[in-house]
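Data first, discussion second: the structure below is written as structure tokens.
The values are calculated or read from the model by the stated rules, or taken from the named source; none is laboratory data. Here the structure is a predicted model, which is why all the values come from computation and not from measurement. Positions of Cβ are generated from backbone atoms using ideal geometry, with glycine treated the same way; all protein chains shown enter the neighbour counts. For accessibility, only protein heavy atoms count, side chains too; no ligands or nucleic acids. Shrake-Rupley method; radii C 1.70, N 1.55, O 1.52, S 1.80 Å.
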Amino acid sequence: MEFDFRDRATRGSVDAIVVGCGVIGLSVAVSLQEAGFDIRVLTAAPPSETTSTVAAAIWYPYKSYPEDRVLPWGKRTYEVFAELSQVTMSGVYLREGAEIWREPAEDPWWMEAVPNVRRCTKDELPPGYEAGHVFAAPVVEMPVYMDYLMERFTAAGGSVRRHFVSSLEEAAGLGEVVVNCSGLGARDLVGDLSMLPIRGQIVRVRNPDLERFLLDEGNPEGVTYIVPRTEDCILGGTAEEGEWDTEPNPDIAEDIVRRCVALEPRLADARVLEHKVGLRPGRPEVRLERENLGNGAPCIHNYGHGGSGVTLSWGCAEEVTELVHGALEG
């Protein structure tokens, strides 16, 4: 459904200000702009400097809660990514792979969001693994995808301004509704002390012709994953809660490579291209709700997605769009 507010008689500002330009903020901005709203994004850093560009970016609900809300958001996002995988310039691909376990495992709780999930056969499991599930998941090459979102947003008439927002009330002076997509920045911006970083370190290597991803979330030595892309592979990883250090640790990098080579020996001679660290925006629950700010302006919060920003992006963006519509109508 589209709503056109461009012909409103009296308005000295845009319909909505989106604070934040990571994958959550840009997805919201695109959704709102293409629904007929006039949108401006305010961001302290360009998309290329956000945590989103570090992400391995495979569709997978990770460290985001509560499950009963995460599931429909993830399901809708999967559907959108399946469509985007047909768009050459989007950087989105559907790849088959497996999540594997050292012990017998039940069906994943997110199974109804993904078509055609099946159990691994014995010959699909690495030595020492007892169970696993094979499924196709969207793999998103984030630098390409973030450029695609930015171009799509500006082509629809949206604008981006580099500006540090000191308060949501400040942003409210520029738009009739504020959408808070500040991620980990919400800790300072709105005083949400439940926001804590979940440090993720990755190693990017040349892809030795791998096509299938592998996820070993239950590895006692640390969450381990191999996500092949067109030219490279993302090897991970870590999930260090409360850790703010953004400098890559060489010992951790060596351990990541060792764990990944144990799963896929063809990575043994893969050339290392880059080491990166990102801070996932951890929170006990995703905050997606409306409230009125101290000055009475309506604000939609959309942050705290943990390790699932990409996975929940479109489902959350569509819910935000409905909330913004309601706020403007009200």
(request) Please name which of 218, 189, 262 has its Cα lying farthest along the dipole of the chain towards the positive end, using unit charges on Cβ (Lys, Arg +1; Asp, Glu -1) and the Cα centre as origin. (result) 189
(message) Over the chain, with a Gaussian network built from C-alpha contacts below 10 Å, which listed residue (43, 77, 246) shows the highest mean-square fluctuation?
(response) 246
(request) Would you please put 195-203, 112-120 in order of how densely packed they are, using the mean number of other Cβ atoms within 10 angstrom per residue and starting with the highest? (result) 195-203, 112-120
(message) Rounded to the nearest percent, how much of the accessible area of the chain (1.4 Å probe, protein heavy atoms only) is carbon and sulfur?
(response) 48
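Within 10 Å of each candidate Cβ there may be at most 16 other Cβ atoms; applying that plus a DSSP loop requirement, which GluC sites (Glu not before Pro) in region 224-298 survive?
Qualifying residues, ordered by number: 231, 243, 285.
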(message) Using Cα-Cα distances under 8 Å and only pairs 6 or more residues apart, what relative contact order does region 209-322 have, in percent?
(response) 15
(request) With a 1.4 Å probe and every protein chain left in place, tell me how much accessible area residue 275 has, in Å² to the nearest 10. (result) 90
(request) Please report how far the C-alpha centroid of region 75-131 lies from that of region 300-318, rounded to the nearest whole angstrom. (result) 20
(request) Give the long-range amide H neighbours of residue 160: residues separated by 5 or more places, or on another chain, with amide H under 5 Å away, using H modelled in the peptide plane at 1.01 Å from N. (result) 41
(request) Return a whole-number percent for the relative contact order of region 209-259, with Cα pairs under 8 Å and 6 or more residues apart as the contact set. (result) 26
(request) Find, among the chymotrypsin sites (Phe, Trp or Tyr not before Pro) in region 85-177, those assigned to loop by DSSP (not H, G, I, E, B) with at most 16 other beta-carbon atoms within 10 angstrom. (result) 109, 164
(message) At a 10 angstrom cut-off on C-beta neighbours, averaged per residue, how do the peptides 172-182, 55-65 rank from highest to lowest?
(response) 172-182, 55-65
(request) Only Lys, Arg, Asp and Glu count, each charged at its Cβ (+1, +1, -1, -1), so figure out the dipole size of region 10-89 about its Cα centre, rounded to 20 debye. (result) 120
(message) Taking the alpha-carbon distance from residue 276 and a cut-off under 22 Å, which lysines remain once sequence neighbours fewer than 8 residues away in the same chain are dropped?
(response) 63
(request) With an 8 Å cut-off on Cα pairs and a minimum separation of 6 or more residues, tell me the relative contact order of the chain in percent. (result) 26
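Placing unit charges on C-beta atoms (Lys and Arg positive, Asp and Glu negative, everything else neutral), compute the dipole magnitude of the chain about its Cα centre in debye, rounded to 20.
Working: 31 positive and 53 negative charges, 91 e Å.
Computed about the Cα centre, the dipole is about 440 debye.
Please grab the % of Cα pairs in region 171-308 that end up more than 27 Å from each other. Working shown, then result.
On the way: 3446 of 9453 pairs.
Result: 36 percent of Cα pairs exceed 27 Å.
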